[in-house]
Amino acid sequence: MDKRTEYVEKLSAQMAEWDVQIDQLKDKAKSAAPGSESDYSNAIAALQLKRDEAALRLQGISAASDDEWEDLKAGTENVWGEVRTILHDAIMKIK
């Protein structure tokens, strides 16, 4: 298996894990105290947007040529870091 395939599989697995975590956050937000639901909804919406951006980056890497994918990797890593940060913040807010 080449490096790009390994990288795409790793990121795909991370995306699946994020989807589970986002669903768990949505469930917790439903049982939130009145008045805080909108804060939770906003946090989850921001997380979803950034997750969707990460998915687009992953698609770009999958479709890129062998020479291009390495260039796309750095931008993808930045978005992945942003998703991790937003997810952590949302988890801490919704606990």
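The values are calculated or read from the model by the stated rules, or taken from the named source; none is laboratory data. This is a predicted model, so every value here is computed, not measured. Cβ atoms come from the backbone with ideal geometry, glycine included; neighbour counts cover every protein chain shown. Just so you know, the surface numbers come from the protein's heavy atoms only, side chains and all, with ligands and any DNA or RNA stripped out. Shrake-Rupley method; radii C 1.70, N 1.55, O 1.52, S 1.80 Å.
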Open item on the list: Let me see the P(r) profile for the stretch 1-66: every Cα-Cα distance counted, bins of 10 Å, each bin given as a percent of all pairs.
Closed with: 19, 40, 23, 13, 5, 0
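Hand me the chymotrypsin sites (Phe, Trp or Tyr not before Pro) from the stretch 15-93 located in a DSSP loop with no more than 14 other Cβ atoms within 10 Å, in residue order please.
Of the chymotrypsin sites (Phe, Trp or Tyr not before Pro), not one in the loops of the stretch 15-93 has a Cβ with at most 14 other Cβ atoms within 10 Å.
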TODO: Report the accessible area of residue 50, computed with a 1.4 Å probe over the heavy atoms of all protein chains in place, in Å² rounded to the nearest 10.
DONE: 40 Å²
Open item on the list: With a 1.4 Å probe and all protein chains left in place, how much of the accessible area of the chain comes from carbon and sulfur atoms, in whole percent?
Closed with: 51 percent
Task: Residue-by-residue Karplus 3J(HN,Hα) for the stretch 63-78, coefficients 6.51, -1.76, 1.60, Hz, glycine and proline x - done: 8, 6, 6, 4, 6, 7, 5, 5, 5, 6, 4, 4, x, 5, 4, 5
Open item on the list: Using each residue's phi in the stretch 82-92, evaluate 6.51 cos²θ - 1.76 cosθ + 1.60 at θ = phi - 60° and report the 3J(HN,Hα) Karplus result to the nearest Hz, with x for Gly and Pro.
Closed with: 5, 5, 4, 5, 5, 5, 4, 4, 5, 4, 5
TODO: Report, in debye and to the nearest 20, how large the dipole of the chain comes out about its Cα centre when Lys and Arg carry +1 and Asp and Glu carry -1 on their Cβ.
DONE: 540 debye
Task: Folded to 0 to 90 degrees: helix 3-30 orientation relative to the chain principal axis, Cα - done: 10 degrees
Task: Cα-based Lys proximity count in the chain, under 16 Å, for pairs eight or more positions apart or on separate chains - done: 9
